[in-house]
Amino acid sequence: MRETAINEAKALCQSHKSAFLSTFSNNQKGFPFSSIAQYVFLEDNHFYFFISDIAQHTKNLAKHPALSFMVLGDGAVEDVENARVTILGHAQKLPRADSESLIAQFVIKHEKAQQYAMLGDFHLWRIEVARVRYVGGFGRAFWLEKQEWY
């Protein structure tokens, strides 16, 4: 059953392109800050966000790398039966010079990101997963541990 949950959670993440991203707010101390960000989920089971240095969520991550983001299934947002994955983890900014091949993979999934790839203020951030919450419908909720994910 856990193996099925892991496979379903990974498939959901693979089939989507954006997530509801929550970071710790620098401007409003003690509050989370939510936004929407595009990602890729690659074969190494890491998530990568390609985000601008001037974006609020990026500024937040630069000071506090812990984050949470949710990938929502294809059902209606208000449908509690809709599958969803919440990732808890830590973000690490990758040097641009070392991440060109990963950026190319990002652009394959997000064609419009080609424009951003030409700008110097966009960088890839790799997410190190700490824990995963998968809800596959009523009565199908699992905490998945880091060692299960990788």
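The values are calculated or read from the model by the stated rules, or taken from the named source; none is laboratory data. Bear in mind the structure is a predicted one, so any value in this text is a computation, not a measurement. We place every Cβ from the backbone using ideal geometry, glycine too, and count neighbours over all the protein chains shown. To get the accessible areas, we keep the full protein, side chains included, count just its heavy atoms, and leave off ligands, DNA and RNA. Shrake-Rupley method; radii C 1.70, N 1.55, O 1.52, S 1.80 Å.
Worth pointing out:
- Helix 2-15 vs. the chain, principal-axis angle (Cα, 0 to 90°, nearest 10): 40
- A Förster radius of 30 Å combined with the Cβ-Cβ distance from Phe31 to Glu81 puts the calculated FRET efficiency at roughly 0.50.
- Environment charge at Lys10 (Cβ cut-off 13 Å; Lys +1, Arg +1, Asp -1, Glu -1): -4
- Rolling a 1.4 angstrom probe over the chain with all protein chains present gives an accessible area of which 57% lies on carbon and sulfur atoms.
- Solvent exposure of the chain as accessible area per residue, Å², 1.4 Å probe: 55
- Total formal charge among the other residues, if their Cβ is under 14 angstrom from that of Glu128, Lys/Arg +1 and Asp/Glu -1: +2
- Net length available on complete extension from Asp98 to Ala113 is 3.6 nm, with 0.36 nm assigned per residue and the Cα-Cα distance removed.
- Highest-first arrangement of 33-39, 82-88, 10-16, where packing means the average Cβ count within 10 Å: 82-88, 33-39, 10-16
- The chain: relative contact order in percent, alpha carbon pairs under 8 Å with at least 6 residues between: 26
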